[in-house]
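For reference, the structure discussed in these notes is given below.
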Amino acid sequence: MHYDYKTSGTCSRVIHFDIDGDKISNISFDGGCNGNLKGISILANGLTVEQIEKAFSGLTCGLKPTSCPDQLARAVRKAYNEVNSGKLI
């Protein structure tokens, strides 16, 4: 299932990815630091929600209380919870 997550507090605006069970793939970002986000997308491709959370949750960018990787962790958790609660079909 495809999911789009509107970010908050980062230069990237939207994170796009697919979720199948707890596996995440086809990650891309709109906006943000292009090279860094391409790298994060490649590294996180095929990981589980838990693995992404473990790697990226709580990371900050400069003085901001969040970062693009932290937003990815939040996005995949939100998608996973919605899929498993039946909110997404």
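The values are calculated or read from the model by the stated rules, or taken from the named source; none is laboratory data. Just so it is clear, the model here is predicted, and its values are computed rather than measured. FYI the Cβ positions are ideal-geometry reconstructions off the backbone, even for glycines, and counts take in every protein chain you see. Side chains included, ligands, DNA and RNA excluded: accessible areas come from the protein's heavy atoms. Shrake-Rupley method; radii C 1.70, N 1.55, O 1.52, S 1.80 Å.
List of remarks:
- Single residue of region 49-85 satisfying the filter (β-branched (Val, Ile, Thr) and farther than 14 Å from residue 18 by Cβ) that is surrounded by the most Cβ atoms within 10 Å (Cβ to Cβ): 66
- Residue match in region 37-48 (condition: open to solvent by 70 Å² or more (accessible area, probe 1.4 Å), over 11 Å from the mean Cα position of the chain (by Cα), of a type in the set (A, V, I, L, M) and at pLDDT below 95): no
- Qualifying residue in region 61-75 (condition: more than 17 Å from residue 8 (Cβ to Cβ) and either over 12 Å from the mean Cα position of the chain (by Cα) or free of Cβ contacts under 8 Å to residues at least 60 places away in the same chain (or both)): no
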